[in-house]
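Heads up, the thing below is written out as structure tokens.
The values are calculated or read from the model by the stated rules, or taken from the named source; none is laboratory data. Here the structure is a predicted model, which means the values were calculated and not measured. Reconstructed Cβ throughout: ideal geometry from the backbone, glycine too, with neighbour counts over all protein chains shown. The accessibility values were calculated without ligands, DNA or RNA, using every heavy atom of the protein model including side chains. Shrake-Rupley method; radii C 1.70, N 1.55, O 1.52, S 1.80 Å.
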Amino acid sequence: MHKATKSLKAATGSPLIWIAAFQVLLTLVALGRAKVLAILLSPAGFGVAATIDQIIMTVVQLGALGLPFASLKYMALAHSESEAEFQRVAAGFSKAILGVSILSALVLLLILQYRPAWIGAELTPYLSYLKLAALCVPAAMLAILTTHTLAAAQKPVSAAAMNFAVAFSLAVGAIIGVSVGGLNGLYAGTAIAGLMNTVASALILRKSVGVSWLTRRRGDSGLIDALRRFPASAGFYLTMLSAAVSMFVIRYFVLADLGETSAGLLQGAMSIALTTGAILMPLINLYLIPLLNRATTPIDKELSCEKFLIGIFPFMILTIIPLVCFPRFVLTVLYTSEFAPAAYLLFSFIVWQCLTQISYIYQHLLIGLDDIAWVTGLALVGFGASALLASVLIPSVGLIGAPAALSIGMAIYSVAILARLRWGHGISVTFQVHSRAAWMVAVAVVGGVLFMRGTEFSLAGFGARGLFAVICLALTWLLFVRGDGSTMALIQRFTGRRVGP
């Protein structure tokens, strides 16, 4: 009996260990790519590349019609019914997404060729780069579909491994390309790597989970079924599109009003904050979201969300403290010393990411409760507020207006989601969650305000930062972690060992 229990714990903890391990590797790859591009392109070129990347991601969101993101919900539900139903639904979504991905790339190329003014006069000097980048659109959509298919099939480790493999190959293609041909080479190399990934993904899905992207079985109505679900997918579509458009608007105003160098500094600080969030994304996307969309009770889904968020809280604090204490050092190491002037921005982007992670988890609780229409409406309000505020704040207060607009918009979105859960579903977020969220934001704000300027490695500067870190960690342990079952349970799932008495 003891051996059986021990084996069960090990099996439970193993997926989380592997997902976390692959995410660490993926993060290192992303940081390595950014470091090389920062060195080779300078802040100005880095800012141009970041703006082009955001345009491509906006096209992906716009052209995908919400299908890659809706697919995770419906494939997970189908997998909880039967293997045959899962394969049918997954094959249908894959054919639909393959079609819209090719169409999206063609439409973007036609716009760039015949109506370039539609993307903005400030971006017309970069048309040659954009045309090459447009070739990356199909691979980006299908990469999302691949990981979602594996996650829905209860293969989160395989999904995490696929994420890493795709990121690694794209990074290699980008680095080789930019070394040979600058920004043109960057997108040519990325497009070639993306095509290779797409072919490999199709073969892997067919062999591992029996899902075919091209062949059709007799009586298979999966494609028709996927298209019939478009009204529901439209909610995902508008939600993801509003986020992408908001980010594009912010980058556009920075590039147009403050110039290429400021766009590069913005990307440097934002990328580091996004990296902290990316550490959690695979655990949320590949582990939590499939659970929230399976055929379980609302109470089970609510408890899964709460335990997950409480459990990851200490790890988020551990990530935040060094970033807010040593922003110049982090920017210099991860990029170059030319990015150090963005140090004062970093803590505000960290605050934005804290709010983003919380809202993202509870957003998917609403989706799991089939409340997609409200998610869409609230997303339009929150992301729309960010875009509107950016158009006012960036020209008036400068670069700090970008993270300020993002944080305020995300705060509005978070509060609105919690209100909908309370009054629409009778789900109240507990004091445990509220107190931890407030403490996490407080650590980021106080640390950022205290240490965004000044010498970091002088005796006084390093001592003050060390004291701040010790105080924050001690209070985190005493007030929130010690004796907390959710946190200890998460640690046990990673280690497979009992923690504490």
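From the list Val137, Val180, Val199, exactly one residue is open to solvent by 60 Å² or more (accessible area, probe 1.4 Å) and closer than 21 Å to Gly92 by Cα. Which is it?
On the way: Val137 fails: open to solvent by 60 Å² or more (accessible area, probe 1.4 Å); Val180 fails: closer than 21 Å to Gly92 by Cα.
Result of the check over Val137, Val180, Val199: Val199.
Cβ-Cβ below 7 Å, separation at least six or inter-chain, first residue in segment 126-139 and more than 13 Å from Leu186 (Cβ to Cβ), second among the small types (Gly, Ala, Ser) and buried (at least 21 other Cβ atoms within 10 Å of the Cβ): which pairs?
Here the result reads Ala134/Ala105; Val137/Gly63; Val137/Ser101; Val137/Ser104; Val137/Ala105; Pro138/Ser101; Pro138/Ala105; Ala139/Gly194, each pair linking segment 126-139 to a residue that is among the small types (Gly, Ala, Ser) and buried (at least 21 other Cβ atoms within 10 Å of the Cβ).
Among Val211, Val172, which is the only one that is part of a helix (DSSP H, G or I) and modelled with pLDDT of 80 or more?
Working: Val211 fails: part of a helix (DSSP H, G or I).
Every option except Val172 fails the conditions.
Does segment 93-103 contain any residue that is at pLDDT 90 or above, part of a helix (DSSP H, G or I) and either in contact with a Pro (Cβ under 7 Å, 6 or more places away or on another chain) or open to solvent by less than 30 Å² (accessible area, probe 1.4 Å) (or both)?
There is at least one residue in segment 93-103 that is at pLDDT 90 or above, part of a helix (DSSP H, G or I) and either in contact with a Pro (Cβ under 7 Å, 6 or more places away or on another chain) or open to solvent by less than 30 Å² (accessible area, probe 1.4 Å) (or both).
Looking only at residues in segment 315-336 that are of a type in the set (Val, Ile, Thr) and either without any contact (Cβ under 8 Å) to a residue 40 or more places away in the chain or assigned to a helix (DSSP H, G or I) (or both), which one is surrounded by the most Cβ atoms within 10 Å (Cβ to Cβ)?
Of everything passing the filter in segment 315-336, Val324 is surrounded by the most Cβ atoms within 10 Å (Cβ to Cβ).
Exactly one of (1) in a helix (DSSP H, G or I); (2) open to solvent by 30 Å² or more (accessible area, probe 1.4 Å); (3) within 23 Å of Met240 (Cα to Cα) is unmet by Ser396. Its number?
(3)
Return yes when Phe86 is of a type outside the set (A, V, I, L, M), in a helix (DSSP H, G or I) and open to solvent by less than 10 Å² (accessible area, probe 1.4 Å) and no when it is not.
Yes; evaluated as a whole, the condition is true for this residue.
Of the conditions (1) modelled with pLDDT under 90; (2) among the hydrophobic types (A, V, I, L, M, F, W, C); (3) within 22 Å of the chain's Cα centre (by Cα), Leu418 satisfies every one except a single condition; which number is it?
(1)
Could you give every pair whose Cβ atoms fall below 6 Å, whose first residue belongs to segment 93-114 and is of a type outside the set (A, V, I, L, M, F, W, C), and whose second residue is surrounded by 14 or more Cβ atoms within 10 Å (Cβ to Cβ) and outside any helix (DSSP H, G or I), counting only separations of at least 6 or pairs across chains?
Ser94/Trp213
Hey, among Leu8, Leu28, which residue is of a type outside the set (Gly, Ala, Ser), at pLDDT 80 or above and either in a helix (DSSP H, G or I) or open to solvent by 40 Å² or more (accessible area, probe 1.4 Å) (or both)? Working first, answer last.
Numbers: Leu8 fails: at pLDDT 80 or above.
Checking each option against the conditions leaves just Leu28.
If we scan segment 49-70, do we find a residue that is open to solvent by 50 Å² or more (accessible area, probe 1.4 Å), free of Cβ contacts under 8 Å to residues at least 12 places away in the same chain and farther than 26 Å from Gly264 by Cα?
no
Of the residues Ser414, Ser435, Ser407, Ser458, which is among the hydroxyl-bearing types (Ser, Thr, Tyr), under 20 Å from Ala269 (Cβ atoms) and open to solvent by less than 80 Å² (accessible area, probe 1.4 Å)?
It is Ser407.
Out of the residues in segment 383-393 that are open to solvent by 30 Å² or more (accessible area, probe 1.4 Å) and small (Gly, Ala, Ser), which is modelled with the lowest pLDDT? Write out each step before concluding.
So in segment 383-393, the residues open to solvent by 30 Å² or more (accessible area, probe 1.4 Å) come out as 383-384, 388-389, 391-393.
From what's left, small (Gly, Ala, Ser): 384, 391.
On the way: Gly384: 92, Ser391: 89.
Ranking the candidates gives Ser391 first.
Which one is nearest to Tyr362 (Cα to Cα), of the residues in segment 292-307 that are part of a helix (DSSP H, G or I) and in contact (Cβ under 8 Å) with a residue 60 or more places away in the chain?
Going through the qualifying residues, I end up with Cys305.
Which count do you get for residues in segment 450-463 that are over 13 Å from Tyr344 (Cβ atoms) and not in a loop (DSSP other than H, G, I, E, B)?
The number of residues fulfilling the criteria is 5.
Looking at Ile111, Ile119, Ile144, which one is more than 30 Å from Leu288 (Cβ to Cβ), touching a helix residue (DSSP H, G or I) at 6+ places or on another chain (Cβ under 6 Å) and not small (Gly, Ala, Ser)?
Exactly one of Ile111, Ile119, Ile144 is more than 30 Å from Leu288 (Cβ to Cβ), touching a helix residue (DSSP H, G or I) at 6+ places or on another chain (Cβ under 6 Å) and not small (Gly, Ala, Ser), namely Ile111.
What's the total number of residues in segment 32-49 that are under 25 Å from Met162 (Cα atoms) and modelled with pLDDT under 80?
Of the residues in segment 32-49, 0 are under 25 Å from Met162 (Cα atoms) and modelled with pLDDT under 80.
Between Ala278, Ala188, which is small (Gly, Ala, Ser), touching a helix residue (DSSP H, G or I) at 6+ places or on another chain (Cβ under 7 Å), open to solvent by 20 Å² or more (accessible area, probe 1.4 Å) and at pLDDT 85 or above? Quick ask: steps written out before the conclusion?
On the way: Ala278 fails: at pLDDT 85 or above.
Being small (Gly, Ala, Ser), touching a helix residue (DSSP H, G or I) at 6+ places or on another chain (Cβ under 7 Å), open to solvent by 20 Å² or more (accessible area, probe 1.4 Å) and at pLDDT 85 or above holds for just one of Ala278, Ala188, which is Ala188.
Among the residues of segment 17-68, how many are among the hydrophobic types (A, V, I, L, M, F, W, C) and more than 20 Å from Phe248 (Cα to Cα)?
Total meeting the criteria: 20.
How about segment 428-449: which of its residues are without any contact (Cβ under 8 Å) to a residue 24 or more places away in the chain, outside any loop (DSSP other than H, G, I, E, B) and either in contact with a Ser or Thr (Cβ under 6 Å, 6 or more places away or on another chain) or over 16 Å from Met316 (Cα atoms) (or both)?
Scanning segment 428-449 gives a single hit, Phe431.
Within segment 110-125, can you find the residues that are open to solvent by less than 80 Å² (accessible area, probe 1.4 Å) and under 15 Å from Thr58 (Cβ atoms)?
Ile111, Leu112, Ile119, Gly120, Leu123
Testing Ile289 on (1) under 30 Å from Ala44 (Cβ atoms); (2) modelled with pLDDT under 80, one condition comes back false. Which one is that?
Ile289 satisfies every listed condition except (1).
In the set Phe347, Phe339, which member is open to solvent by 10 Å² or more (accessible area, probe 1.4 Å) and not acidic (Asp, Glu)? Can you show your working first?
Working: Phe339 fails: open to solvent by 10 Å² or more (accessible area, probe 1.4 Å).
On inspection, the qualifying residue turns out to be Phe347.
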